[in-house]
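Heads up: the structure comes next, in structure tokens.
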Amino acid sequence: MDAIFLRVLNMSLMGSYVILIVLVARLLLKKAPKIFSYALWSAVLFRLISPFSFESFFSLMKMNANPIPSNIVYSKIPQINTGLNFIDHIANPILATQEAAPYASINPMQISILIGEFIWVVGIAILLSYSLMSLIRLRSHLVGAVKWRENIYLVDHITTPFVMGVVHPKIYLPSTLSVQEQKYIILHEQIHIKRYDHIVKIIAFLVLCIHWFNPLAWLAFILSNKDREMSCDERVMKQMKIDIRREYSAFNKNFAHGFKFERL
């Protein structure tokens, strides 16, 4: 368990560096199509989920790809080596207080790691439980959904449209939508399905559950969802072939597409 937890900490720390790089790149691409900003987040997702390190990349950034050594629990004087002196100078004096006393059967670092593992697992359990309960609650609202055509269903008791399902995703629309709104939103959701966004969304949430303790992971999660929706909106307006920007923007104010746990 210690090895897994330390690996996650290393992945999260290295992922934080990549997130900061993407945030800068995202600002530089502010006026570019949002599909480019959305694509950048794939690097973050891969780094947070992959246990493998790219030594050459991080060496160029003057960073150690594995700043927390696997034997830190048993080190006489625990230390990390990020390659960034200002971080090491702050963290290592704090870690030095976890130095094991002579002839002690257990050292403070072991206790700290054990507590950290417990909090980490509890956090994951809370997020997954909340998501499961939200999904169950949402499904209860879908009772009585009427199939309109193909994989599209109309529902009375929902306020925003969404896609549900993995292998055979279904599109659920509020029954109160006008004909023109249905046209926009169906195309929007079909683009999501065609790009496998509904699957990426689930993977991103599961990765967030693993790195829930990292504030930058939450920021990346929120901004990547925003970029995904905006890139999809741009695609809708491009495919409609007529200038619908004003009407479509007004529509989006009423039906904002943000990530919700119950849409998993």
Express in Å², to the nearest 10, the accessible area of residue 115 obtained by rolling a 1.4 Å probe over the protein heavy atoms while all chains stay in place.
90
Name the residues whose placed amide hydrogens come within less than 5 Å of the amide hydrogen of residue 162, ignoring near sequence neighbours (fewer than 5 apart) on the same chain.
172
Solvent-accessible area of residue 133 with every protein chain in place, 1.4 Å probe, in Å² to the nearest 10:
120
Charge tally for neighbours of residue 117 with beta carbon under 14 Å away, counting Lys, Arg as +1 and Asp, Glu as -1, is 0
Just grab the label-to-label distance for residue 21 and residue 209, each label 7 Å out from Cα along the Cβ direction, in nm (one decimal).
2.8
In nanometres, what is the gap between the two model label sites at residue 30 and residue 199, each 7 Å from Cα along Cα-to-Cβ?
3.6
What pairs from 147/183; 147/238; 183/226; 34/226; 147/201 go past 20 Å between their alpha carbons?
147/238; 183/226; 147/201
Here the stretch 17-33 yields Karplus 3J(HN,Hα) values (6.51, -1.76, 1.60; θ = phi - 60°; whole Hz; Gly and Pro given as x) of 4, 5, 4, 4, 5, 5, 4, 5, 4, 5, 5, 5, 9, 4, 9, 7, x
Expected output is a single nm value to one decimal: the length gained when fully extending between residue 219 and residue 111, i.e. 0.36 nm times separation in residues minus the C-alpha distance. What is it?
35.9 nm
Chain lengthening between residue 132 and residue 183 when straightened (0.36 nm per residue, less Cα-Cα)
15.3 nm
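The values are calculated or read from the model by the stated rules, or taken from the named source; none is laboratory data. Since the model is a prediction, treat every value here as computed from it, not as a measurement. Note: ideal-geometry Cβ built from the backbone for every residue, glycine included; neighbour counts use all protein chains shown. Note: accessible area is taken over every heavy atom of the protein model, side chains too, but ligands, DNA and RNA are not part of it. Shrake-Rupley method; radii C 1.70, N 1.55, O 1.52, S 1.80 Å.
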